[in-house]
Amino acid sequence: MDFLCGIRGKDFVLVCSDTSAVQSIVTMKQDEDKLVPVDSHKLFAISGEAGDRVNFSEYIIANVRLYALRNGQQLSTKAVANFTRSELATALRKSPYHTNLLMAGFDEGVGPSLYWCDYLATLHHMNICGTGYGSYFVLSMFDKLWHPNLTEAEALEMMRKGVEEVKSRLVVAPPKYLVKVIDAKGIRTLGEL
């Protein structure tokens, strides 16, 4: 029942996730942050079973930091996305992680990037993306409203409309959603919707 979505703008990426931690039909808490920073300019929006979500994201983040320490430079968003996909593909044949994720980041000279990856290690570079039941309601709206010169204010309004659509139409809609933006300044929390 997790819901994640992302919008890539001209010079930023906006990501949103619900804040509910659920197990089967039981809600355990309403303040779970599923938008996990990888470094100062990259983050995972990650969904799935709580154990898989936490273990996998910590594993990837630790390896990205180890690479930076050994080599004296940060991996690009594309490199982190491809490393993540590779690790999911390797785990798929041994002990799979049941997690879907969005990888958002900003690289100097490249600009904003947004990737969608599922538990089967399918990776795509996207302008708009989402996962979970809520994405059924927002992806067509995002596709219609998205354009290459999208501003942060326009993207936030798109996200607000999308969350309102999910809240009004999805039977099991979580009550709170967290929004973060990644741009040249780094990762910032814009608040809850």
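For the chain, what is the accessible area per residue in Å² when the probe is 1.4 Å?
On the way: 9530 Å² over 193 residues.
Per residue, the chain has an accessible area of 49 Å².
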Roll a 1.4 Å probe over the protein heavy atoms and report the accessible area of I187 in Å², nearest 10.
50 Å²
Can you give the net charge of the other residues whose Cβ lies under 15 Å from the Cβ of N63, counting K and R as +1 and D and E as -1?
+1
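Tell me, what is the Rg over Rh of region 8-136, with Rh the Kirkwood radius over Cα pairs? Provide the component values of the computation, followed by the final result.
Working: Rg = 14.5 Å, Rh = 15.1 Å.
Rounded to two decimals, Rg over Rh is 0.96.
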Amide proton proximity set for Y119, modelled H, under 5 Å, gap of 5+:
T99
Between region 62-83 and region 120-142, the alpha-carbon center distance in angstrom:
25 Å
The local net charge around F137, scoring Lys/Arg +1 and Asp/Glu -1 for residues other than F137 whose Cβ lies under 14 Å from its Cβ, equals +1
Binned at 5 Å from zero, the C-alpha pair distances of region 58-193 give percents of 2, 9, 15, 20, 20, 16, 11, 5, 2, 0
Count of lysine pairs in region 4-192 with Cα separation under 17 Å (8 or more residues apart, or interchain):
15
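Which order do Y67, Y97, Y115 take by accessible area at a 1.4 Å probe, largest first?
On the way: Y67 80, Y97 55, Y115 20 Å².
The ordering from most to least exposed comes out as Y67, Y97, Y115.
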Could you list, bin by bin from short to long, the percent of Cα-Cα pairs of region 120-182 in 5 Å steps?
3, 15, 27, 25, 17, 10, 2
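Just tell me the longest site-free run in the chain, where the sites are trypsin sites (Lys or Arg not before Pro) in a DSSP loop having at most 16 other beta-carbon atoms within 10 Å. List each step's numbers first, then the result.
Details: sites that count: K10, R93, K94, K176, K185.
Longest stretch, sites excluded: 11-92.
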Tally Lys and Arg at +1 and Asp and Glu at -1 over the other residues with C-beta under 13 Å from the C-beta of K29: what net charge comes out?
-2
Protein accessible area in region 104-183, 1.4 Å probe - carbon and sulfur %:
55 percent
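Based on the Cα atoms of region 92-136, what semi-axes does the equivalent ellipsoid have, where each is the square root of 5 times one gyration tensor eigenvalue, given in whole Å with the largest first?
One finds semi-axes of 23, 15, 7 Å for region 92-136.
The values are calculated or read from the model by the stated rules, or taken from the named source; none is laboratory data. Every value quoted in this text rests on a predicted model; they were computed, and no experiment measured them. Neighbour counts are summed over all protein chains in view; Cβ atoms, including those assigned to glycine, are modelled from backbone coordinates with ideal geometry. Note: areas computed on protein heavy atoms with side chains; ligands, DNA, RNA excluded. Shrake-Rupley method; radii C 1.70, N 1.55, O 1.52, S 1.80 Å.
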